[in-house]
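Taking it in order: structure first as structure tokens, then the write-up.
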Amino acid sequence: MIFMAEYAARWDEFEDGIKATEEKDIDPAKDEIEILPILTRYTGFTNSMSKYMDWRDKALSNALPILKNESTSITGSAQKDKWSEYFEKQGQEALKMILGFVPDDDKTPKLRLFAEAMATQESAFFAKLSSIPLAWFQGQIQEYTYQFYTEMNSLEDKWKNLQNMDKAMDSKVKDTSANILRLFKDIVSELVEQERAGEQALINTIKASKLTPGLPLSMKAVLTAVQLILSKAQSFQKSIDDMVNIYMDAYKREETVVILFAQTRNAVREFLQKTNLDSASDEFEETCKNSLDMAKQCKTKGQQEDAVRFVENGIKLIKDFYEDFKKQYEEFVDDNRGIFVGPVGDKAIEEILEKRDMEYSWQEISRFNIQQKLKDIHTDAVRSWHVDINGLTDEQKKEIEDFWRVELEKLGRGLQTIADGSTWDRTKQIFTRNREQLEDKISNSKGGLQ
């Protein structure tokens, strides 16, 4: 009999075994009367085994849909259990079915022994298939794929949130930079105006004194000008301090973004250490090899051939899931390269730190050179306030000289406070060293695949 089925290699062994066993049961028979029922029983058993082969073929084919199950909730362990349970039931059914084909009499004792051996072999065949890891890998690779899908969406949200947080701070920093430059210009403009007012007040005082020689000088207007300059300077100092504090607050918030960014990169690094394409590829290759090796461990050559064909069909199915994972993995890596995967790229650094905008703001502030302009105001005061004192009495001249010495020195110290004080150092640090530190934290962070 030619048996047409997907997994038919085992049938030849059944046929050969049945024929050899039949001869053993016939040998003791004395005549045709005794032989006929033996032949009838063997014919019936052969037909039953043919039906068994149909059932066996379907049992194997019906196992493959387990390898097609697709869901975000599927796990390797669950698929393994489902697979094992299925084949354990088929093994029990095979044992029961084959033993049930043998007549319950003593006319064919060799047939019963043969059937018992075949039933045991077939039960072992299904038991061997139950331990093949195809279903486990199929579930495991779906777990990996879903993990990457979830992680990819999560990282996309995290990156957007970090960008939104950073944009709010960048806007504040940008506004503050413009305000500082505007304030510097106002400082210079108003102090120059007050310095010229003081100069004019001194000129007017000298003119008035020359008209009334001998009388003490009226320096009130000049002193008022000096006080106004110092008052303006102190007011501007506070304004600058306030803006620097805004800068510091923005810097600390931006530092938080950088820390969160570095922590996320490290989390992705740990994620890819546990789940990555190399390990998945190794698992796939090992699963295929182990499954084929186990198929070749079946008891008979026919079983081995059927098991190998079955495993090869199963490998084709799980390979599709492996390819899906590979695609998801490569998409994940490509989408996050330069951000959370590999070294941080220039684009990501620019998006987080706004380097070009910050450098431009600092260049504008530095180019304005508030220190030199404040020093120039003091220098102009020292030069221009030395007005012509010819015609004054010695007492009046001394009074003027004392004023120059005391008030101009006081004015110089007041302006110097803004020009070279700690506020300027703090501002410079925020724009330079602090920014460099943030960039170092980003660049030195370890991302996926590092």
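Where a number appears in this text, it was derived from the coordinates with a stated rule and is not lab data. The model shown is predicted, which means the values in this text are computed figures rather than measured ones. Positions of Cβ are generated from backbone atoms using ideal geometry, with glycine treated the same way; all protein chains shown enter the neighbour counts.
Taking the Cα centre of segment 1-131 as origin and charging only Cβ (+1 Lys, Arg; -1 Asp, Glu), how large is the dipole, in debye to the nearest 20?
It comes to approximately 560 debye.
Ranking Y86, Y247, Y360 by Cβ neighbours within 10 Å, fewest first, what do you get?
So the ranking, lowest neighbour count to highest, is Y360, Y86, Y247.
Calculate the FRET efficiency for S71 and S171 from the Cβ-Cβ distance with a Förster distance of 45 Å, rounded to the nearest 0.05.
E(calc), rounded to 0.05, equals 0.50.
Taking 0.36 nm per residue of sequence separation and subtracting the Cα-Cα distance, how much length would be gained by fully extending the chain between D380 and E34, in nm to one decimal?
Stretched out fully, the D380 to E34 stretch lengthens by 110.6 nm.
Measure off 7 Å from each Cα along the Cα-to-Cβ vector at E436 and D12, then give the distance between these two points in nanometres to one decimal.
Placing both labels 7 Å along Cα→Cβ, they lie 8.0 nm apart.
Roughly speaking, what is the stretch gain from Y149 to N161, that is 0.36 nm per residue apart minus the C-alpha to C-alpha distance, in nm to one decimal?
2.5 nm
Which FRET efficiency value, to the nearest 0.05, do you get for E350 and D293 by plugging their Cβ-Cβ distance into 1/(1 + (r/R0)^6) with R0 = 51 Å?
Given R0 = 51 Å and the Cβ-Cβ separation, E is 0.45.
How many nm is it between the label spots at R182 and D27, if each spot is 7 Å from the Cα in line with the beta carbon?
11.3
Compare I349, I35, I365 in a GNM of the chain, Cα atoms joined below 10 Å, and give the one with the largest fluctuation.
Maximum fluctuation in the GNM of the chain, among the listed residues, is at I35.
Round to the nearest 10 and give me the degree value, 0 to 90, for the angle of helix 134-211's Cα axis relative to the longest principal axis of the chain.
Approximately 0 degrees, to the nearest 10.
Convex hull over the alpha-carbon atoms of segment 1-131: what's its volume per residue in Å³?
Here the figure is 90 Å³ per residue.
Among K172, K397, K355, whose mean-square fluctuation peaks in a Gaussian network model of the chain (Cα, cutoff 10 Å)?
Largest GNM mean-square fluctuation: K397.
Compute the signed sum of charges (Lys and Arg +1, Asp and Glu -1) over the other residues within less than 13 Å, Cβ to Cβ, of E330.
After counting each charged neighbour, the total is -3.
Test of understanding: ordering S123, S279 by Cβ neighbours within 10 Å, fewest first, what list do you get?
So the residues, fewest neighbours to most, are S279, S123.
Would you mind calculating the gained length between D54 and N204 on full extension (0.36 nm times residue separation, minus the Cα-Cα distance), in nm to one decimal?
Separation in residues times 0.36 nm, less the Cα-Cα distance, equals 41.7 nm.
Go through K185/K373; K24/K296; K274/K326; K128/K301; K51/K107 and tell me which ones have a Cα-Cα distance over 19 Å in this structure.
Checking Cα-Cα distances, K24/K296; K51/K107 exceed 19 Å.
What ranking of V244, V226 emerges when the number of other C-beta atoms within 10 Å of each C-beta is taken as an exposure proxy, fewest first?
In order of increasing Cβ crowding within 10 Å: V244, V226.
Nearest 10 degrees, 0 to 90: what angle lies between the long axis of helix 9-26 and the longest principal axis of the chain (Cα atoms)?
Roughly 20 degrees between the two axes.
Using +1 on the beta carbon of Lys and Arg, -1 on that of Asp and Glu, and nothing else charged, what's the dipole of segment 1-75 about the Cα centre, debye to 20?
That gives a dipole near 460 debye.
Please give me the summed charge of the neighbours of A197: other residues whose Cβ is under 13 Å from its Cβ, Lys and Arg +1, Asp and Glu -1.
Summing Lys/Arg as +1 and Asp/Glu as -1 gives -3.
Comparing T40, T287, T150, which has the greatest mean-square fluctuation in the GNM of the chain with Cα pairs linked when under 10 Å apart?
For the chain, modelled as a Gaussian network with Cα springs under 10 Å, the answer is T40.
Identify, among P65, F125, M53, the residue whose Cα sits farthest towards the positive end of the charge dipole of segment 1-131, taking +1 on the Cβ of Lys and Arg and -1 on the Cβ of Asp and Glu, with the dipole about the Cα centre.
Comparing the listed Cα positions along the dipole, P65 ranks first.
Given a Förster distance of 56 Å, report the FRET efficiency between S281 and D249 from their Cβ-Cβ distance, rounded to the nearest 0.05.
Once the sixth-power term is evaluated, E becomes 0.70.
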